[in-house]
Amino acid sequence: MSDLYIETRGIGTTHLVLVHGWAMHSGIFAPLTEILQNRYTVHCVDLPGHGRSRASTLPLEPTAVVDAIRERVPCALWLGWSMGGLFALEAALGDHPEELSGLIMLSSTPRFVAAADWPQGMAREQFEHFATDLTRDYRATINRFLALEVLGDLQAHGDLRALKHDLYAHGTPHPARLQEGLALLDSSDRRAGLPRLTVPSLWIAGRRDRLVSPAAMRKASALAGGRYLELQHAAHAGFLGHAAPIATAIDELTGLIS
């Protein structure tokens, strides 16, 4: 069994895996898990190098992480936020999609960086600034990233305080793993696999998101034949101030599955 940290809570017969984004840990989902644990069994994963998996020797690589989660979690609905969506997509498109009951992509797309055929992605110049700045002052870089995650949200100031507090609750992310995460975001492209998704999918975007374009999520949802939901007043970390509508959308998706 791997040394990946997974916290399980809740009472429901439907299992739900939550996978966080770059530089975060699963504690960031607290507003959402407080609602969901009353009707789901929720498995909160700390990715390698992050949170309580900071010392994990597991590679920060989708196949390895998904295999480690599946060793300990039964067939489940998978939710991936931001970078976490790449791991949820691997679970849905990998070798054992039958062990997935549904996919939720929250402010997450199959390709993060813009390309000639994907102008909806993040501008490469903006992305490369993160990687360069990280080697110079990684704490300041992370703080700027946090600011971008709530930029545009009507509750931005309170959300930013919550993000900064929660990020360091279990120590700082491992710098080398942060670089690995950036490399993963830079290289991953799962668009070609979307039309062969075999499970229901839900794509939730924040209209005020400055990191992942709602247009990119709308296009990805269409490729996957999934459902698309846009939260009008949410930014990138929309679950902080908008947990209730996200939980409702998850309930609606599980209604399709059952």
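The values are calculated or read from the model by the stated rules, or taken from the named source; none is laboratory data. Quick caveat, the model's predicted, so the values are computed rather than measured. Because the Cβ atoms are built from the backbone with ideal geometry, glycine has one as well, and the counts that use them run over all protein chains shown.
Numerical summary
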{"item": "Residue count for segment 43-101, restricted to those that are among the small types (Gly, Ala, Ser), in a loop (DSSP other than H, G, I, E, B) and in contact with a Ser or Thr (Cβ under 8 Å, 6 or more places away or on another chain)", "result": "4"}
{"item": "Residue match in segment 18-40 (condition: closer than 20 Å to Leu197 by Cα and touching a strand residue (DSSP E or B) at 6+ places or on another chain (Cβ under 6 Å))", "result": "yes"}
{"item": "Any hit, segment 1-18, residues being buried (at least 20 other Cβ atoms within 10 Å of the Cβ), assigned to a loop (DSSP other than H, G, I, E, B), within 17 Å of the chain's Cα centre (by Cα) and at pLDDT below 95", "result": "no"}
{"item": "Check on Leu32, buried (at least 18 other Cβ atoms within 10 Å of the Cβ) and not in a strand (DSSP E or B)", "result": "yes"}
{"item": "Complete set of residues in segment 168-179 that are in a helix (DSSP H, G or I) and surrounded by 18 or more Cβ atoms within 10 Å (Cβ to Cβ)", "result": "Arg177, Leu178"}
{"item": "Single residue of Ala205, Ala247, Ala234, Ala216 found to be crowded, with 18+ Cβ neighbours inside 10 Å and part of a loop (DSSP other than H, G, I, E, B)", "result": "Ala234"}
{"item": "Breaking point among (1) touching a residue at least 40 places away in the same chain (Cβ under 8 Å); (2) in contact with a strand residue (DSSP E or B) (Cβ under 7 Å, 6 or more places away or on another chain); (3) under 29 Å from Thr198 (Cβ atoms); (4) surrounded by fewer than 20 Cβ atoms within 10 Å (Cβ to Cβ), for Phe127", "result": "(3)"}
{"item": "Selection within segment 50-59 - crowded, with 24+ Cβ neighbours inside 10 Å and within 16 Å of Leu185 (Cβ to Cβ)", "result": "His50"}
{"item": "Qualifying positions in segment 229-258 - at pLDDT 90 or above and among the small types (Gly, Ala, Ser)", "result": "Ala243, Ala244, Ala247, Ala249"}
{"item": "Enumeration of residues in segment 209-225 that are touching a residue at least 12 places away in the same chain (Cβ under 8 Å) and more than 17 Å from the chain's Cα centre (by Cα)", "result": "Ala215, Lys219, Leu223, Ala224, Gly225"}
{"item": "Any hit, segment 191-202, residues being on the phi < 0 side of the Ramachandran plot, crowded, with 19+ Cβ neighbours inside 10 Å, among the hydroxyl-bearing types (Ser, Thr, Tyr) and modelled with pLDDT of 90 or more", "result": "yes"}
